[in-house]
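K.L.:
First, the structure itself, so that you have it in front of you.
Just so it is clear, none of the values below were taken in a lab; they were calculated from the coordinates. Values in this document were obtained by computation on a predicted structure and should not be read as measured data. When we count neighbours, we look across all protein chains shown, and the Cβ atoms used for this are built from the backbone with ideal geometry, even at glycine.
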Amino acid sequence: MNRKHKLLSIGEAARLTGASVKSLRYYEQLNLLKPAYVAPDSGYRYYTTNQLYIVGIIKFAIEMDIPLKEISHILNNDGIVNFQALSSLAKEVANKKIQVLEHGLKFVAFFEQQFALYEKYPIGPIYTRQIPEKFLYVIPIPHNKAFDKKLQYEDEVINLFFDLPYDETSDNVSLEHGLLLEHSPDGVKRYVFVEVPKRKANYRPIPAGSYLCRKGDAYSIEHSQEIFADCLAKDQPFIAIETEIISAEININNPVNELRVIAL
């Protein structure tokens, strides 16, 4: 009994560390924190004050989102703590967290930019906007097919997006997707597209320049020549792009699209 009186009960250890009794039992199951003494008659668990330090390390790992199973090599039931390994692992996890937060801030900045763009131009009237050069990964639509909701090209775009190779070095926040139409003396060609972050083999470049734009319903790209008839010369070759734009409040079942045209 003398030995037990020098130790802390599991309830006392929980109170002093802020960890629940259930958590302390879970740490034991993971072999991270073995009780210093288990009473043979009652099964009650007791801990030394030094072991409270181990609980602090475990709680730190939880706060850093380090999976507890990954710190089993850091803590030793003989009281050995590998702080070098803990420091390296925590730094790695922290840097990943920073990257996620920075990426999140880029999303916020992109949304705010989209909100401002949406508010700047009314729905319906034609306006002019400078668009930078873009590179698109495209899927041709058969000549006998037109853009039509029934054809569910959104599914094609989704499949196209997930088939693209992931590039950790690129900023993919503001990349667009949608419909592309080429009007030339040789006829009309239609595509679905996903923008890619930089030039790559077999990806389609779209020129920078002053684009005629109009906000409106989806699939108006088929009527580009009529919509911009007053701005395009007769039989003028052009490229038209249709992509969704984001407002502060959006109807996901009927989003507003921006139709863009540039003469070639």
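K.L.:
So what is the calculated 222 nm ellipticity per residue for the chain, using -39500 (n - 2.57) for each DSSP H run with n of 4 or more, over all residues, to the nearest 500 deg cm²/dmol?
P.N.:
Only helices count here, giving -10500 deg cm²/dmol.
K.L.:
Which value does Rg/Rh take for segment 77-131 over its C-alpha atoms, Rh per Kirkwood?
P.N.:
Working: Rg = 22.9 Å, Rh = 15.5 Å.
When Rh is taken as the Kirkwood radius, the ratio is 1.48.
K.L.:
Further question: What distance in nm separates the two pseudo spin-label positions at SER42 and HIS73, each 7 Å out from Cα along the beta-carbon direction?
P.N.:
Rounded to a tenth, the inter-label distance reads 4.0 nm.
K.L.:
Quick one: the Cα spread of segment 1-154 along its three principal axes, in angstroms, biggest first?
P.N.:
88, 34, 29
K.L.:
Report P(r) for segment 1-89: all Cα-Cα distances, bin width 5 Å, range 0 to the bin holding the largest distance, values in whole percent.
P.N.:
3, 14, 27, 25, 17, 9, 4, 2, 0
K.L.:
Over the chain, what relative contact order in percent results from Cα pairs under 8 Å that are six or more residues apart?
P.N.:
17
K.L.:
Calculate, for ARG204 and ALA94, the FRET efficiency according to 1/(1 + (r/R0)^6) with r their C-beta to C-beta distance and R0 45 Å; round to the nearest 0.05.
P.N.:
Computed FRET efficiency for ARG204 and ALA94: 0.65.
K.L.:
Given LYS59/LYS97; LYS145/LYS234; LYS34/LYS97; LYS106/LYS198, which pairs have Cα atoms separated by over 29 Å?
P.N.:
LYS34/LYS97
K.L.:
Hey, got the dipole for the chain? About the Cα centre, +1 on K and R Cβ, -1 on D and E Cβ, debye to the nearest 20?
P.N.:
1360
K.L.:
While we're looking at this one, here's another question. Taking the Cα centre of segment 2-94 as the origin, how large is its charge dipole in debye, to the nearest 20, when only Lys and Arg (+1) and Asp and Glu (-1) carry charge on their Cβ atoms?
P.N.:
Computed charge dipole of segment 2-94: roughly 360 debye.
K.L.:
With Rg and the Kirkwood Rh both taken from Cα atoms, where does Rg over Rh land for the chain?
P.N.:
Details: Rg = 30.2 Å, Rh = 23.6 Å.
In the chain, Rg relative to Rh is 1.28.
K.L.:
Also: Work out, step by step, the length gained on full extension between GLU133 and ASN251: first 0.36 nm times the residue separation, then minus their alpha carbon distance; give nm to one decimal.
P.N.:
Details: separation 118, 0.36 × 118 = 42.48 nm, distance 2.90 nm.
Full extension from GLU133 to ASN251 adds 39.6 nm.
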